[in-house]
Amino acid sequence: MHRLFSASPYVPLVAFALSTAGCSGDGEAVTRSLDSPDIPIAPAVEEAYSVGVLDGAAWEMFGSVRGVAFDSDGTLFILDNDAGHVVVISPAGEFVRTISNKGEGPGELNQPIGMAVFADGRIGVNDLMRGIQLFSREGEFLQEGRISLQDGAPGARIHALPDHSVLSTELIGASLSRLMGNDEAQPEGRPINRFRLDGTPDVFYTAWAGPPREEMERRSGNVRMVISGGEAFPLPLSIGVLRDGRVAVADSVGYGIKLLDAAGRVTGSLERPVVPVAVTEEIREAERERRLAGAQAERGGGTAVVMMRSLSGARGGGGRPPTGPDPEVMRRMMEDQIRDMAFPEEIPVIANLAVDWSDRIWVQRSALPGETGPTDILTADGQYFGTIAPDGLRIPAAFGPGGLLAYIDRDELDIQRVRVVRLVGDQLLESADLP
């Protein structure tokens, strides 16, 4: 048994190695069944520093923080989409430098949407429509990994692998290809894609997609709008990368976490006997009301995916350019999508998953509409440390060494801040002797 962290600064907690089923030394997948009931824990944290102000230096007045990441010495990198640069903060919370600037030239960032820091300290920034831009930790531009949108491009959330490729659960090019009418470009299932720094993509793993969603079509002027059918409580597709290159994946209804090797093969799984919540009519109505309220607050934004193209012009040109959809048509489409959205029979157990620098897997469980679920802490070797209450510590935007956690918050004036805290008594895990 090993100490994890404290429920208070003085009370240590322990980890439990639980039962193992289906062990095999011949390469077959190993399933570890974590059968313990929930053990409440409340990890203690101490504030480290916070950056982001309403009025101050240009670097600290964030426009749109699209990603944060730590390197091995605790240096923090903050990606600001509006400014087109990366802000570097020292382990002591002091400003060091900015990397890059807004633009379309070599080493500049036009629409940066995601970022990952590799084990050697290099920073990869996903610049929409241009691919991965690689920088040294000192800010020197190293290379551009051009990515063809026809083959698909990574989304906002990218994960660094030890071989200096990145994983993404999104494939932007698939949506753009569909926008142009190329239905054959749609991938099967839900692929987790690997992108190498030279821009070469491949499918790392394919998760089950579930039943197909219906679509709605509306016309506004000379624009045809196709909106994907609404889906309540969708299947999760959440990943985390361990230090040895293995990948933890949550992609099903039940409490099941797959463990993939560096080639994307399933080598094991973690399971807990947590029963999915059955979807009742009361739950359906509560979810519709919650989403309608959110869509109205965002003036029709919401989570819908809308694709538009000219009705009179073919791909090669010759037609009138799209005049843009009528806002009222858009609003009605969004509301129709919510009212007509499909509901599964059960709410998937897992809502989110992440891996910290000590290779602990943080698993946020689902809850009823508008509520937050508890978070389990466990390891790929089958240790269960306990469960954090819904009102306790949550999965951060980034984990760092030595128990660092970074959160992207907004204050009462809607100003973005990056807040860094540290787990009290955190330590790296030792190997456990499992039965």
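Residues checked against (1) under 20 Å from residue 416 (Cα atoms); (2) out of contact with any Ser or Thr (no Cβ under 9 Å at 6 or more places or on another chain); (3) touching a residue at least 40 places away in the same chain (Cβ under 8 Å):
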position	(1), (2), (3)
70	yes, yes, yes
74	no, no, yes
78	yes, yes, yes
85	yes, no, no
90	yes, no, no
93	yes, no, yes
105	no, yes, no
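Name the residues in the stretch 326-347 that are surrounded by fewer than 18 Cβ atoms within 10 Å (Cβ to Cβ), within 19 Å of residue 369 (Cα to Cα) and among the aliphatic types (A, V, I, L, M), would you?
342
Quick check on the stretch 269-305: of everything there that is touching a helix residue (DSSP H, G or I) at 6+ places or on another chain (Cβ under 9 Å) and among the polar types (S, T, N, Q), which residue is modelled with the lowest pLDDT?
303
Take the conditions surrounded by 14 or more Cβ atoms within 10 Å (Cβ to Cβ), over 27 Å from residue 376 (Cα atoms) and acidic (Asp, Glu) and apply them to residue 108. Does it pass?
Yes; evaluated as a whole, the condition is true for this residue.
Can you tell me which residues in the stretch 395-417 are at pLDDT 95 or above and charged (D, E, K, R)?
Matches in the stretch 395-417: 409, 417.
The values are calculated or read from the model by the stated rules, or taken from the named source; none is laboratory data. Predicted model, so just to flag it, every value in this text is computed and none were measured. With ideal geometry, Cβ positions are generated from the backbone for all residues, glycine too; neighbour counts draw on all protein chains shown.
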